[in-house]
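Reviewing the structure listed below.
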Amino acid sequence: MFKKLRNKTIGDIIFDLIVYVFLFVAVVVCVYPFLYVVSVSVSSGEAVNKGLVTLLPVDLNFDAMKTVLNYKQLWVSYGNTIFYTITGTILNVFFTCLAAYPLSRKRFCLRRQFNFLLAFTMYFSGGLIPIYIVVTGLGLYNSRLSVILPVLISAYNVMICRSAFESISEELFEEAALEGANDIYIMGRIAVPLIKPTLAVLTLYYAVARYNDFFNAMLYISDKKLEPLQLFLRRILLEASTEIMQTTSIEMAAASQSTIQVRYVCIVVSVIPIMLVVPLVQKYLVEGTMLGAVKG
């Protein structure tokens, strides 16, 4: 360690210190709000109402957590979100590969035209009202498909996937074609396995977007039995923060009946699945993010 310090100039040391300071500030800014939310959700209602909670829990109390977890609509919304996320992400990745693969092949005669149309949709769209008319006109209002189909493909993610396919050696495809493999076999058995890191990143992007999406559900879902967790959370946070307390069968002490606690417990419950999934794909996330980086 001291040898490394001796080899560095004063300018390098100052630069490293500045980087460490900015990194520390960034960590605090990102981590503190979440720690505060968790601390409030497991503190006593009296401590929360008096503003005694700053970082760590005060008078550890799980009454608010029990109240929220015993609310039936929370688990209905949770189940809907899991369905939308898993089904939607699988379809997103599948159709993204189907769109990106032919656009990456130079022998595809309409490659330039479709690439132009794909890029065009990133800057111009039909607008919210035409999309709403199309979705309702197809009879998808108040159906699960209304949440999945309108965001089936992201043009930006298709471009990322297309670039990953283009990075594969063309000779590999030619040799497979000479062996009698068709495009479907080449894509499924050769191309897709070679871009697993990229697909892992796209899967994470799609899954997080699906999990956090509430706008499409807000437009096309009015049945509470079909609403996702984020729409339920939005209603609790903005419109009816006392809904859970009024409908739950568990009575809390007056000092513990803090609507802030209910809101924060809902936030903690909604964040847990993403926190469990991200470490599983972290390896591929780093590899996929570094694809295309300049190598020294």
Which order do the peptides 220-232, 177-189 take when ranked by the mean count of other beta-carbon atoms within 10 Å per residue, highest first?
220-232, 177-189
When the distances between all Cα atoms of segment 60-109 are binned every 5 Å from zero, what whole-number percent does each bin get?
4, 17, 12, 12, 10, 10, 8, 8, 6, 5, 4, 3, 2, 0
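Given R₀ = 45 Å, FRET efficiency for ASP223-TYR32 by Cβ-Cβ distance, to 0.05?
On the way: r = 38 Å, r/R0 = 0.85.
With a Förster radius of 45 Å, E is 0.75.
Per the Cauchy relation, a quarter of the hull surface: what is the mean projected area of the convex hull of the alpha carbons in segment 115-241, in nm²? Intermediate results must be reported in sequence, preceding the final value.
On the way: hull surface 42.4 nm².
The orientation-averaged projected area of the Cα hull of segment 115-241 comes to 10.6 nm².
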Hey, what angle do you get for helix 10-41 against the long axis of the chain, alpha-carbon based, 0 to 90 degrees rounded to 10?
50
GNM result for the chain, Cα springs below 10 Å: residue of VAL29, VAL147, VAL53 fluctuating most strongly:
VAL29
What Rg and what Dmax come out for segment 26-181 when only alpha-carbon atoms are used, in angstroms?
24.5, 75
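How much of the pair distance distribution for the chain lies past 28 Å, counting alpha-carbon pairs only, in percent?
Counting pairs separated by more than 28 Å, the tail of P(r) holds 57 percent.
Read-outs: derived from the displayed coordinates by stated rules, not from any lab. This one's a predicted model, so the numbers in the text were calculated from it and none came from an experiment. All Cβ positions, glycine included, derive from the backbone under ideal geometry; neighbour counts span all protein chains shown.
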